[in-house]
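The values are calculated or read from the model by the stated rules, or taken from the named source; none is laboratory data. Everything quoted here is computed from the prediction, not taken from an experiment. Backbone-built Cβ (ideal geometry, glycine too); neighbour counts: all protein chains shown. Accessible surface is based on the protein model in full, side chains and every heavy atom, while ligands, DNA and RNA are left aside. Shrake-Rupley method; radii C 1.70, N 1.55, O 1.52, S 1.80 Å.
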Amino acid sequence: KYKKFEQIEKDLFTTKLNGYWGIINSSGKILVKNEHEKIKPLLNIYLLKKYDKYGLANKKGEIIFETKYDNIKILDEYIVIKKDKKCALLDSYGNLLTDIEYKDFRLNRNSVEAKVPKLGWIKILEQE
């Protein structure tokens, strides 16, 4: 049935069917449908790409952010998601650390700063 089949976790596999990627568990249950152009590891989660939009799935194969974001990037041990020119900061497991209201994020020595419209860069997180 599947054209390609790759183990990504102990009990998870990516599958390719009709040119699109999905995720199944070891018993064959479909966790993420074969409708993604790309599925790749991103820190402790998986990046999903569909129709030039991005989403995230956790290591259990559960979609935690639907494929509706314009961009997703890594910022050290964090993940930045962007939609409609606004960004939010996530931890490496996909947990939201901020609302999706900032223009961008950057690292500055041992802190994370967010760009706020009309205010500029403000410190939002101290790194250990």
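A Förster radius of 41 Å combined with the Cβ-Cβ distance from residue 10 to residue 119 puts the calculated FRET efficiency at roughly 0.35. Its Cα centre serving as origin, the chain has a Cβ charge dipole (Lys and Arg +1, Asp and Glu -1) of approximately 540 debye. The radius of gyration of the Cα set in the stretch 13-57, together with its Dmax, comes out at 10.0, 30 angstrom. Given a 1.4 Å probe and every protein chain left where it sits, what share in percent of the accessible area of the chain is carbon and sulfur? Carbon and sulfur together cover 45 percent of it.
Please get the size of the charge dipole for the stretch 47-118, origin at its Cα centre, with Cβ charges of +1 on Lys and Arg and -1 on Asp and Glu, quoted in debye to the nearest 20.
Numbers: 16 positive and 12 negative charges, 49 e Å.
For this selection, approximately 240 debye.
For residue 115, a cut-off of 17 angstrom between C-alpha atoms picks up these lysines, skipping any fewer than 8 places away in its own chain: 73, 82, 83, 85, 86, 103, 123. Ordered from longest to shortest, the equivalent ellipsoid semi-axes for the chain are 32, 15, 10 Å, each the square root of 5 times a Cα gyration tensor eigenvalue. Label sites at residue 107 and residue 53, each approximated as a point 7 angstrom past Cα along Cα to Cβ, lie 3.1 nm apart. Computed over protein heavy atoms with a 1.4 Å probe, the accessible surface of the stretch 1-122 works out to 61 Å² per residue. Taking every alpha-carbon pair in the stretch 57-116 and binning the separations at 5 Å intervals from zero gives 4, 18, 30, 27, 12, 6, 2 percent.
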